[in-house]
Amino acid sequence: MKYNRILLKISGEALMGEDCFGISPEMIQFVASEIKQVHSQGVQLGLVIGAGNIFRGMAGAASGMDRANADNMGMLATVMNALAMQDGLEQQLVPARVMSAIPMQTVCEPYIRRRALRHLEKGRVVIFAAGTGNPYFTTDTAAVLRALEINADVIMKATRVDGVYDRDPEKDPQAVRFDTLSYTRVLQENLRVMDAAGISLARDSNLPVFVFNMKKQGNIVRAAAGENIGTLITRQ
C-alpha cells in the first residue's frame, strides 16, 4: 500500500445504490467489503459520509428553510449514514467506531481528536459524522478538516466517475480526464471536485486529494496502492 492512513470521503448518494432515496443495504455491504480489503492490508482508515441520500442542507435552504436549521438536519442525516456503515463494517468483522461532531452519547461517541487517533492506532475504522458540527460547512470541508486532524497521508474522494474531467463525462463523451491537477487550477476553473473551502484548506496544508470511481470493484484497494485510476490533486 502506498498510504498508511487515509481519509475516505463517500457521498451520501453513493449509498442509495439503484434506489432514488435512502440507504441501500446492498450498497452498504459492497462498500464495507471494499473497505475491508484495504483494512486487511494494515491501512488505517477514517471515513466521512455525506447526506445527499437523505437530506441536503443547501437544498433545504434553497426551498426557503433557515440555512442553519437545514444544515443541522443535514448533519444529523450523516449520523444515520455513519451508523449504517458501521453496521455494515461490523458484519464484515471490521471494527468500527462512529464519532459525531454533535454530541449524542446514547448513539455514538463524541468526536475527540486524541480518541480518534487511538482508535486508528488500534486498527479500528473511524467514521466521522455530523460534519464539522457547524452550519455553513459542507461534508467536503469536514473531510479535509478531519484528514488534517488525524494526519492522513491523503484524502480520497469516492465518486461515480473515474476522476476529474474538463467537462461532465456523463453528458459529453468527448470529455478529457486529468491525471493530475493543481489546487489552483481546480479553483480557477471551478472544476467542482469539492467545494472551494475544502480545496483551499487542502492547498494550505498541501494535503493530496485523489478522486476516483468507487463503484468499480477493487478500486479502493487500487487507489490505496497508488494506482493511476483517477485524478491526483496536489500543488504540482
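The values are calculated or read from the model by the stated rules, or taken from the named source; none is laboratory data. Remember, it's a predicted structure, so these values are computed and weren't measured experimentally. Here the Cβ positions follow ideal geometry from the backbone for every residue, glycine too, while neighbour counts run over all protein chains shown.
So, of the residues in segment 201-236 that are surrounded by 16 or more Cβ atoms within 10 Å (Cβ to Cβ) and small (Gly, Ala, Ser), which turns out to be farthest from LEU181 (Cα to Cα)?
ALA224
Just to verify a result, which residue in segment 170-183, among those that are among the hydrophobic types (A, V, I, L, M, F, W, C) and surrounded by 15 or more Cβ atoms within 10 Å (Cβ to Cβ), is modelled with the highest pLDDT? Talk me through it step by step, then tell me what you get.
Taking segment 170-183 and keeping what is among the hydrophobic types (A, V, I, L, M, F, W, C), we get 175-176, 178, 181.
Next, only the ones that are surrounded by 15 or more Cβ atoms within 10 Å (Cβ to Cβ) stay: 178, 181.
Details: PHE178: 92, LEU181: 95.
By that ranking, first place goes to LEU181.
Of these, ALA152, ALA147, which one is of a type in the set (A, V, I, L, M) and assigned to a loop (DSSP other than H, G, I, E, B)? So that I can check it myself, show each step before the final result.
Values: ALA147 fails: assigned to a loop (DSSP other than H, G, I, E, B).
Matching residue, one of ALA152, ALA147: ALA152.
Can you tell me which residue among VAL186, VAL209 is at pLDDT below 95 and β-branched (Val, Ile, Thr)?
Values: VAL209 fails: at pLDDT below 95.
Testing whether each residue is at pLDDT below 95 and β-branched (Val, Ile, Thr) leaves just VAL186.
Which ones in segment 113-156 are touching a His at 6+ places or on another chain (Cβ under 8 Å), surrounded by 24 or more Cβ atoms within 10 Å (Cβ to Cβ) and on the phi > 0 side of the Ramachandran plot?
Just the residues of segment 113-156 that are touching a His at 6+ places or on another chain (Cβ under 8 Å), to begin with: 123, 125-126.
Adding the requirement that they be surrounded by 24 or more Cβ atoms within 10 Å (Cβ to Cβ) leaves 125-126.
Result: no residue meets the conditions.
Do any residues in segment 206-231 that are free of Cβ contacts under 8 Å to residues at least 40 places away in the same chain have Cβ atoms under 6 Å from those of residues that are of a type outside the set (Val, Ile, Thr), where the two are at least six apart or on different chains, and which pairs are they?
What qualifies is ASN206/ARG235.
Determine which member of the set THR132, THR106, THR141 is among the β-branched types (Val, Ile, Thr) and outside any loop (DSSP other than H, G, I, E, B). Before you say what the answer is, go through the steps one by one.
Values: THR132 fails: outside any loop (DSSP other than H, G, I, E, B); THR106 fails: outside any loop (DSSP other than H, G, I, E, B).
From the options THR132, THR106, THR141, the qualifying one is THR141.
So which pairs qualify, if the first residue must be in segment 178-200 and more than 16 Å from VAL144 (Cα to Cα), the second must be in a helix (DSSP H, G or I) and among the basic types (Lys, Arg), the Cβ gap must be under 8 Å, and the two must be at least 6 apart or on different chains?
Once the first residue is more than 16 Å from VAL144 (Cα to Cα) and sits in segment 178-200, its partners that are in a helix (DSSP H, G or I) and among the basic types (Lys, Arg) give THR184/ARG203; LEU191/ARG185.
Search segment 83-102 for residues that are under 16 Å from GLN37 (Cα atoms) and pair each with any residue that is basic (Lys, Arg) when their beta-carbon atoms are under 8 Å apart and the residues are at least 6 apart or on different chains.
GLN86/ARG97; LEU89/LYS36; GLN92/LYS36; LEU93/LYS36; VAL94/LYS36; PRO95/LYS122; PRO95/ARG124; ALA96/ARG124
Identify all residues within segment 64-95 that are more than 17 Å from the chain's Cα centre (by Cα), part of a helix (DSSP H, G or I) and within 17 Å of ILE23 (Cβ to Cβ); write none if there are none.
Within segment 64-95, the subset more than 17 Å from the chain's Cα centre (by Cα) is 64-73, 87, 90-95.
Filter again for part of a helix (DSSP H, G or I), leaving 67-73, 87, 90-91.
Result: MET73, ASP87, GLU90, GLN91.
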